[in-house]
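Comments concern the structure below.
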Amino acid sequence: MQRLSADLCKVTADELSLDLAEDGATASPRQHLLNADEETQVVAMYLAGVTAKDVAAKFGVHRLTVSRAARRAGGRVGREPLTEREVEKAATSYTSGMSIAAVAKELSLPRESIRRQLIVASVEMRAKDRTRE
């Protein structure tokens, strides 16, 4: 058993790699790790309002890498919470008969954000109309 383990340790990464090009498949690119300087730039761009997707594309990293770096730096991740005025407008529109989707479109906000804030604001939610097609 020890001999087998020792022999396996001698195998290099090149010997283990597969030639995926023969099958038409492509290997995924290597993960890019940000150095301290890059992480500072990533956080600064993100906190300045550049989307995580755009920052990630610029630095060749995943968008979650950007948001995690921002969190580590103490920054807020995600969109700002709805303002009191936005919640009031959403509640008024919804109680007057508009759907959550219509309210969200009117306010240019995510539907789920509207729904969640209406619940927090104790707005009585209507039952879904299952008769629509």
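Taking the Cβ of A104 as the center, what net charge do the other residues with Cβ under 14 Å away carry, scoring Lys and Arg +1 and Asp and Glu -1? Kindly include the intermediate steps, with their values, before the conclusion.
Details: positive: R79, K89, K105, R111, R115, R116; negative: E86, E106, E112.
It works out to a net charge of +3.
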### Task
Could you calculate the FRET efficiency of L33 with R76 from 1/(1 + (r/R0)^6), where r is the beta carbon distance between them and R0 is 30 Å, rounded to 0.05?
0.80
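Each reported figure results from applying straightforward, stated rules to the coordinates on display, with no laboratory input. Small disclaimer: the values here were computed from a predicted structure and weren't measured. Using ideal geometry, Cβ is built from the backbone for each residue, glycine included, and neighbour counts are taken over all protein chains shown.
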